[in-house]
Amino acid sequence: MRPFSVGRITRGARLIVRRPPDEALSSTLDALVTERFDLGDERVARALRERESEWVAQDVRIGRPDPSWTTGMADAVLSDTVLAFVPGLWRRATPTVVVASARPHEQGAEVVVFAHPTVRGWTSSNDAGPLVHAALDRVEATGDVVSRTPLHGIPNDGSPASQAFVRDVLGWR
């Protein structure tokens with residue numbers, strides 16, 4: 001992660017997009033992958049089908065959930081030095097799962113994207129915040145976005161982007 005790229009308070013956004021939910025989700029996932037996120041597996045989609053949910057969703061990830069002791073120590077030591085500005089020594093991203101989800105809306109689709117940094121391991125900062133923000137900017141640049149509302153938290157209301165869903169389906173904490 002680049003120096004000074006950490007610290008956005010917002011962890012996601014709710015967008016209203018003039019596209020069907022499947023297309024809106026696909027566009028959002030393309031933007032997230034462009035920002036270095038890796039696609040997750042089929043667990044989220046399978047869980048939504050089993051629950052007969054109106055949502056379609058996919059998780060993406062960044063960071064290794066179990067960095068080695070030396071990696072974590074090197075990141076901690078270098079973070080407050082001039083060496084942190086050397087690209088080859090930039091610290092690793094905090095392991096984060098981001099869920100992108102979409103459902104029908106009267107204007108097309110409601111898209112909810114929310115980042116869940118791990119609370120386990122060596123750090124819990126919101127490194128993915130700037131990357132999620134950049135991905136959402138890419139989606140907004142398509143011209144199909146009617147509105148964008150930043151999210152600082154998300155209720156555990158059954159949405160695939162909620163912490164309860166991510167914990168239960170993906171086992172992510």
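The values are calculated or read from the model by the stated rules, or taken from the named source; none is laboratory data. Note that the structure is a prediction, hence the values are computed from the model and not measured. Glycine also receives a Cβ, built like all others from the backbone with ideal geometry; neighbour counts cover every protein chain displayed. For accessibility, only protein heavy atoms count, side chains too; no ligands or nucleic acids. Shrake-Rupley method; radii C 1.70, N 1.55, O 1.52, S 1.80 Å.
Values for this structure:
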| read-out | value |
| --- | --- |
| Extreme residue, farthest from G63 (Cα to Cα), among residues of the stretch 145-173 that are part of a loop (DSSP other than H, G, I, E, B), open to solvent by less than 40 Å² (accessible area, probe 1.4 Å) and among the small types (G, A, S) | S159 |
| Residue match in the stretch 95-108 (condition: at pLDDT below 90 and not aliphatic (A, V, I, L, M)) | yes |
| Candidate set: the stretch 135-144, residues that are among the small types (G, A, S) and loosely packed, with under 15 Cβ neighbours inside 10 Å; chosen: the one modelled with the highest pLDDT | A141 |
